[in-house]
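First the structure, in the form of structure tokens, and then the observations on it.
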Amino acid sequence: MDIVVFGAGSLGSLVGGLCAREHRVTLVGRDPHVAAVRESGLAVEGTVEFTAHPDARTTVPDRADLALVTVKSFDTPEAGRTLADCKPSITCSLQNGLGNEDTLDTHLDPVLAGTCTYGARLLEPGRVACMGLGEVALGAPDGGHLAAAERAAAALRAAGIETSVTREMPERLWRKLAVNAGINPTTALAGVSNGVLADGPLYEIASEAARETARVAREQDVDLAEREAVAALDSVIAATADNTSSMAEDIQNGRRTEIDAINGAVVERAESSVPVNRTLAALVRAREHAG
Ligand code: PAF
């Protein structure tokens with residue numbers, strides 16, 4: 001199968017590298033990373049160790065059977081427009097935040113929603129660390145069945161990635177949103193690793209952000225209990241204790257964050273009051289603007 005991974009950052013490179021053990025893969029990203037992969041291959045280190053040799057470039061190839069989208073949520077409009085040129089038979093978002101599938105759907109069909117629990121970190125151009133084995137869940141963004149999800153899942157399984165197909169993607173996306181709404185802004189603002197949230201005042205903030213997210217999910221007719229959102233938060237904090245969240249890395253490196261698609265998306269959709277998400281979103285935006 002021809003797979004294009006649009007967004008060769010840490011997660012995209014890891015997933016692309018795993019897929020390249022079985023499929024023809026093109027990683028689309030930025031130099032100097034893609035130049036290093038083209039020249040010497042992609043070294044995957046950590047929980048799994050191998051060198052993969054995907055094609056790596058800054059532009060999309062002519063065609064693709066499956067496109068995996070791993071760019072930051074604010075780059076999703078560009079991903080949709082650019083990927084339309086290679087007419088992928090199936091497109092699947094593996095991104096953080098809400099709304100990515102609708103944005104991709106403007107240009108591509110069918111579009112699947114996916115969640116991925118692999119931990120990854122880009123060490124330097126051409127080298128990515130696998131911080132722990134994970135799994136992928138795929139499905140129709142609005143729930144229900146899509147045959148394309150079975151085909152995409154079969155391709156990922158063939159590459160050794162544990163993948164399930166679910167009819168409950170809305171619940172999963174909101175559960176993941178609750179986790180990100182709790183972990184990402186608190187770790188970014190405090191400048192700490194995920195594990196620091198486990199006890200103390202930051203946990204109160206993170207868990208309240210997750211509870212508010214569950215309440216907004218239910219306002220949108222998505223069945224997510226507050227205790228379920230907090231349980232998901234607890235297990236991700238424990239499983240990624242030593243990791244720096246993507247938003248904490250973005251703030252540390254003076255980059256734009258995904259705040260709009262995470263806490264901003266909760267605030268935007270809320271019918272009730274969500275003071276913790278509103279405060280976290282305002283504080284992270286202020287940090288971004290301060291540079
Ligand atoms: O954005 C992130 O960093 C990750 O989604 C997560 C799960 C919070 C782990 O750091």
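A quick yes/no check of all residues on (1) free of Cβ contacts under 8 Å to residues at least 60 places away in the same chain; (2) charged (D, E, K, R):
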position	(1), (2)
Ser246	no, no
Asp250	no, yes
Asn253	yes, no
Arg256	no, yes
Asp260	no, yes
Val266	no, no
Val274	no, no
Arg285	yes, yes
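Only one of Val34, Val69 is crowded, with 20+ Cβ neighbours inside 10 Å, in contact (Cβ under 8 Å) with a residue 24 or more places away in the chain and farther than 22 Å from Ser245 by Cβ. Can you tell me which?
Val34
Looking at Leu98, Leu83, Leu122, Leu108, which is the one that is in contact (Cβ under 8 Å) with a residue 40 or more places away in the chain and within 14 Å of Ala152 (Cβ to Cβ)?
Going through Leu98, Leu83, Leu122, Leu108 in turn, just one is in contact (Cβ under 8 Å) with a residue 40 or more places away in the chain and within 14 Å of Ala152 (Cβ to Cβ): Leu108.
Just to be sure before I move on: is Thr26 at negative phi, out of contact with any Asp or Glu (no Cβ under 7 Å at 6 or more places or on another chain) and not in a helix (DSSP H, G or I) in the structure I sent?
no
Answer yes or no: is there a residue in the stretch 69-89 that is more than 21 Å from Thr26 (Cβ to Cβ) and either within 16 Å of the ligand (Cβ to nearest atom) or not assigned by TED's automatic domain parsing to the domain that holds Glu45 (or both).
Scanning the stretch 69-89 turns up at least one residue that is more than 21 Å from Thr26 (Cβ to Cβ) and either within 16 Å of the ligand (Cβ to nearest atom) or not assigned by TED's automatic domain parsing to the domain that holds Glu45 (or both).
Here are Ala159, Ala178: which of them is within 16 Å of the ligand (Cβ to nearest atom) and touching a helix residue (DSSP H, G or I) at 6+ places or on another chain (Cβ under 6 Å)?
Exactly one residue qualifies, and that residue is Ala178.
Every residue in the stretch 135-167 that is out of contact with any Pro (no Cβ under 9 Å at 6 or more places or on another chain), modelled with pLDDT of 95 or more and part of a loop (DSSP other than H, G, I, E, B), please.
Ala159, Gly160, Ile161, Glu162, Thr166, Arg167, listed by residue number.
Determine, yes or no, whether Gly97 is within 16 Å of the ligand (Cβ to nearest atom) and part of a loop (DSSP other than H, G, I, E, B). Reasoning before the result, please.
Details: within 16 Å of the ligand (Cβ to nearest atom): yes; part of a loop (DSSP other than H, G, I, E, B): yes.
So Gly97 passes the test.
Only helices (runs of 4 or more DSSP H) wholly contained in the stretch 236-291 count here; list those with 3 or more residues that are exposed (fewer than 12 other Cβ atoms within 10 Å of the Cβ).
Answer list for the stretch 236-291: 275-290.
Let's see how each residue does on (1) part of a strand (DSSP E or B); (2) touching a helix residue (DSSP H, G or I) at 6+ places or on another chain (Cβ under 9 Å); (3) basic (Lys, Arg); (4) under 13 Å from Ala129 (Cα atoms):
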{"position": "Gly12", "(1), (2), (3), (4)": "no, no, no, yes"}
{"position": "Asp31", "(1), (2), (3), (4)": "no, no, no, no"}
{"position": "Ala36", "(1), (2), (3), (4)": "no, no, no, no"}
{"position": "Glu39", "(1), (2), (3), (4)": "no, no, no, no"}
{"position": "Val44", "(1), (2), (3), (4)": "yes, yes, no, yes"}
{"position": "Thr51", "(1), (2), (3), (4)": "yes, yes, no, yes"}
{"position": "Asp62", "(1), (2), (3), (4)": "no, yes, no, no"}
{"position": "Leu68", "(1), (2), (3), (4)": "yes, yes, no, no"}
{"position": "Val71", "(1), (2), (3), (4)": "no, yes, no, no"}
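Any idea which residue in the stretch 206-235 is surrounded by the most Cβ atoms within 10 Å (Cβ to Cβ), counting only those that are of a type in the set (S, T, N, Q) and within 16 Å of the ligand (Cβ to nearest atom)?
Only one residue fits best here, namely Thr213.
Look at the stretch 73-94 and say how many of its residues are small (Gly, Ala, Ser) and part of a loop (DSSP other than H, G, I, E, B).
1
Take Ala239 and decide whether it is aliphatic (A, V, I, L, M) and touching a strand residue (DSSP E or B) at 6+ places or on another chain (Cβ under 9 Å).
Against the criterion (aliphatic (A, V, I, L, M) and touching a strand residue (DSSP E or B) at 6+ places or on another chain (Cβ under 9 Å)), Ala239 qualifies.
Mind listing whichever residues of the stretch 100-119 are within 12 Å of the chain's Cα centre (by Cα) and either near the ligand (Cβ under 10 Å from one of its atoms) or in a loop (DSSP other than H, G, I, E, B) (or both)?
Those that are within 12 Å of the chain's Cα centre (by Cα) and either near the ligand (Cβ under 10 Å from one of its atoms) or in a loop (DSSP other than H, G, I, E, B) (or both): Thr115, Cys116, Thr117, Tyr118, Gly119.
Between a first residue in the stretch 181-195 that is farther than 16 Å from Ser207 by Cβ and a second residue that is modelled with pLDDT of 95 or more and near the ligand (Cβ under 10 Å from one of its atoms), which pairs have beta carbons less than 6 Å apart while being 6 or more apart in sequence or on different chains?
Once the first residue is farther than 16 Å from Ser207 by Cβ and sits in the stretch 181-195, its partners that are modelled with pLDDT of 95 or more and near the ligand (Cβ under 10 Å from one of its atoms) give Ala188/Met247; Ala188/Ala248.
The values are calculated or read from the model by the stated rules, or taken from the named source; none is laboratory data. Because the structure is predicted, anything quoted here is derived from the model rather than measured. Positions of Cβ are backbone-derived with ideal geometry, glycine not excepted, and every protein chain shown enters the neighbour counts.
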